[in-house]
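Notes follow the structure.
The values are calculated or read from the model by the stated rules, or taken from the named source; none is laboratory data. Just so we're clear, the structure is a prediction, and the values are computed from it rather than from any experiment. Every residue, glycine as well, gets a Cβ built from its backbone with ideal geometry; the counts of neighbours run over all protein chains shown.
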């Protein structure tokens, strides 16, 4: 089934309240849906203790037991959007599921499904790995959507699609209906189609993500996805688009010559990339982390001709941290030369985790989450080359932090190198959501030569507390859940592939460094300014969703969108979606604004472009090139 959905209107209530081998081992005892424990042989010498929320499956385990374990976790996590549970399910090399008994996995919040092979083809799932529309409480099937399907990970395995036992609609594709903070990496999918929307659960409905990298894909239906980035992959075919679909270094990507009909943006090669580190078992059954090498001008998958180029770090060179470990212990291990692996859970961080050595790797699994305590900076990376931070979520706390993740010193010496950039992969930020959050800046990059490869920087438009007093609606959220700037880029030669930033109270992104490049930018302005007076930048109405500093001479953006939904006060105006200096070296390709049913963006960029207002709800206003050729 292929569904063309450009006419779908975005659900006016989004995101709940806003918008819508062959070591035999298991590192946990995981209860099945019937209460029967799934237990394998005990850990052998050299096996890391990854904590109670990591389960490692062996292909010798009965499919039914694996299925029951995963089903039970999905039942807990399918609606646990703001919860504290974190899970990683890791599969040793081998094959799981059969033609008669496929393994059909559904992935909920804060759940990672990953293979432990050196190559994605080392772990084969005969079955499916899916995410469906979420039906919100109290709404029945009338309020089923994918706009709140965040915080889940799928990587480093092959899926041989087998829909045995599913109804005809579900059997039509492997469904992955998600939005932000969800990544697909190092996948080999075959045997059927991939749909990035769920048209079976009261669908089709909008989805608002996402990200794919280093993957081989079958025929893929984009469907109702409002924006999407596919990087360094292979795709058999791609159909449908809504507003803003970007391809970079993708074999088989659609042509973008007709932009904006369809709204594709296609780069033949990716100027700078580094794949995310991954856990794997070597031929002797030892645990390692593979750190892929930097690529320039790359195209296609990294593992097509053998192991992904890079370096291998044995697990003994990592400090494997648990949420109970004090920060001074973590910092002591880092100072001794250890890398850091963060196991699943929520870590309260009252002083910074300090990354001071070049080439240090910080790898989180199972959506490990660092929460600021007493106004701390949870993660502070020195201005040294080659640091890699991946798979970490960072939350603001009740007392305002100056910044949640800082890369390099604003005033000190920052040593970056083009051959070995510091890299952030699947690093997510939250200001509010599970609790009140306050920060001045979420992500601050002061170092030169930094790569940001997929991030969602989110000031919460909904959450469990502190967002409404029951009388003044979202007005209270504006004053309690505070975040001024989402991403502030001061370093030169910074590249972002998949930059998603939303709802901050001033500039969502401000880029002051020279020679910056962004490939796909997605932004929603804040929903909740109470009045126009609260949403003024001096004499200018509102703050642009993407701001390039006035002194910048060289900057490039490919595929950008700024959306408006002034839910609290639909009369509010924002003068420009994008603001950039007028100079030949600053160029924007394929940008747009769109009205989601409240408020107005008067222009796309620098006074150019028609208003995104109530006369064109859901209809983007595009500027193909700025400045015009």
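Answer with yes or no whether residue 540 is in contact with a strand residue (DSSP E or B) (Cβ under 6 Å, 6 or more places away or on another chain) and either closer than 15 Å to residue 563 by Cβ or not assigned by TED's automatic domain parsing to the domain that holds residue 552 (or both).
So residue 540 fails the test.
Among the residues of the stretch 279-330, which ones are in contact with a strand residue (DSSP E or B) (Cβ under 9 Å, 6 or more places away or on another chain), within 29 Å of residue 495 (Cα to Cα) and part of a loop (DSSP other than H, G, I, E, B)?
293, 299, 300, 301, 302, 303, 304, 307, 308, 309, listed by residue number.
Is there a residue in the stretch 488-510 that is outside the structural domain of residue 421 (by TED's automatic domain parsing), surrounded by 20 or more Cβ atoms within 10 Å (Cβ to Cβ) and in contact with a helix residue (DSSP H, G or I) (Cβ under 9 Å, 6 or more places away or on another chain)?
First, the residues of the stretch 488-510 that are outside the structural domain of residue 421 (by TED's automatic domain parsing): none.
For the stretch 488-510, residues outside the structural domain of residue 421 (by TED's automatic domain parsing), surrounded by 20 or more Cβ atoms within 10 Å (Cβ to Cβ) and in contact with a helix residue (DSSP H, G or I) (Cβ under 9 Å, 6 or more places away or on another chain): absent.
Quick check on residue 601: is it crowded, with 24+ Cβ neighbours inside 10 Å and assigned by TED's automatic domain parsing to the domain that holds residue 417?
Values: crowded, with 24+ Cβ neighbours inside 10 Å: yes; assigned by TED's automatic domain parsing to the domain that holds residue 417: no.
Spelling it out, it is not the case that residue 601 is crowded, with 24+ Cβ neighbours inside 10 Å and assigned by TED's automatic domain parsing to the domain that holds residue 417.
Restrict the check to the stretch 543-550 and report whether at least one residue is surrounded by fewer than 17 Cβ atoms within 10 Å (Cβ to Cβ) and farther than 25 Å from residue 446 by Cα. Quick ask: steps written out before the conclusion?
The first filter runs over the stretch 543-550 and keeps only residues surrounded by fewer than 17 Cβ atoms within 10 Å (Cβ to Cβ), leaving 550.
Filter once more, so that each one left must be farther than 25 Å from residue 446 by Cα: none.
Looking through the stretch 543-550, none of the residues is surrounded by fewer than 17 Cβ atoms within 10 Å (Cβ to Cβ) and farther than 25 Å from residue 446 by Cα.
Determine whether residue 137 is modelled with pLDDT of 95 or more and part of a loop (DSSP other than H, G, I, E, B). Quick ask: steps written out before the conclusion?
On the way: modelled with pLDDT of 95 or more: no; part of a loop (DSSP other than H, G, I, E, B): yes.
No; evaluated as a whole, the condition is false for this residue.
Provide a single number: the residues in the stretch 140-160 that are crowded, with 24+ Cβ neighbours inside 10 Å, at pLDDT 95 or above and over 24 Å from residue 392 (Cα atoms).
The total comes to 1.
Taking the stretch 151-182 as the search range and keeping residues that are part of a loop (DSSP other than H, G, I, E, B) and either farther than 28 Å from residue 92 by Cβ or not assigned by TED's automatic domain parsing to the domain that holds residue 133 (or both), which one is nearest to the chain's Cα centre (by Cα)?
Residues of the stretch 151-182 that are part of a loop (DSSP other than H, G, I, E, B), as a first pass: 151, 162-169, 173, 177-181.
Keeping just the survivors that are either farther than 28 Å from residue 92 by Cβ or not assigned by TED's automatic domain parsing to the domain that holds residue 133 (or both) gives 167-169, 177, 179-180.
Values: 167: 31, 168: 31, 169: 28, 177: 14, 179: 8, 180: 5 Å.
Residue satisfying both the conditions and the ranking: 180.
Here is a list: 570, 530, 581. Which entry is touching a helix residue (DSSP H, G or I) at 6+ places or on another chain (Cβ under 6 Å), in a loop (DSSP other than H, G, I, E, B) and over 19 Å from residue 458 (Cβ atoms)? Walk me through it before giving the result.
Values: 570 fails: touching a helix residue (DSSP H, G or I) at 6+ places or on another chain (Cβ under 6 Å); 581 fails: touching a helix residue (DSSP H, G or I) at 6+ places or on another chain (Cβ under 6 Å).
Exactly one residue qualifies, and that residue is 530.
Which of (1) crowded, with 19+ Cβ neighbours inside 10 Å; (2) not in a strand (DSSP E or B) is the odd one out, the single condition residue 628 does not satisfy?
So the condition that residue 628 fails would be (1).
Tell me, please, whether a residue that is closer than 25 Å to residue 113 by Cβ, over 25 Å from the mean Cα position of the chain (by Cα) and surrounded by 18 or more Cβ atoms within 10 Å (Cβ to Cβ) can be found in the stretch 274-287.
Checked against the condition, which is being closer than 25 Å to residue 113 by Cβ, over 25 Å from the mean Cα position of the chain (by Cα) and surrounded by 18 or more Cβ atoms within 10 Å (Cβ to Cβ), the stretch 274-287 yields at least one hit.
On the given criteria, is residue 98 within 19 Å of residue 345 (Cβ to Cβ) and either assigned by TED's automatic domain parsing to the domain that holds residue 156 or in a loop (DSSP other than H, G, I, E, B) (or both)?
Values: within 19 Å of residue 345 (Cβ to Cβ): no; either assigned by TED's automatic domain parsing to the domain that holds residue 156 or in a loop (DSSP other than H, G, I, E, B) (or both): yes.
No; evaluated as a whole, the condition is false for this residue.
Checking the conditions here, which among 310, 300, 306 is at pLDDT below 95, out of contact with any helix residue (DSSP H, G or I) (no Cβ under 8 Å at 6 or more places or on another chain) and surrounded by fewer than 20 Cβ atoms within 10 Å (Cβ to Cβ)? Please lay out each step first, then the result.
On the way: 310 fails: at pLDDT below 95; 300 fails: at pLDDT below 95.
Unique residue meeting the criteria: 306.
Test of understanding: among 552, 562, 604, which residue is assigned to a loop (DSSP other than H, G, I, E, B) and either out of contact with any strand residue (DSSP E or B) (no Cβ under 8 Å at 6 or more places or on another chain) or within 21 Å of residue 486 (Cα to Cα) (or both)? So that I can check it myself, show each step before the final result.
On the way: 562 fails: assigned to a loop (DSSP other than H, G, I, E, B); 604 fails: assigned to a loop (DSSP other than H, G, I, E, B).
552 is the lone residue from the list that is assigned to a loop (DSSP other than H, G, I, E, B) and either out of contact with any strand residue (DSSP E or B) (no Cβ under 8 Å at 6 or more places or on another chain) or within 21 Å of residue 486 (Cα to Cα) (or both).
Within the stretch 489-508, take every residue that is within 18 Å of residue 432 (Cα to Cα) and not in a loop (DSSP other than H, G, I, E, B) and give me the one that is nearest to the chain's Cα centre (by Cα).
Per the criteria, the residue is 500.
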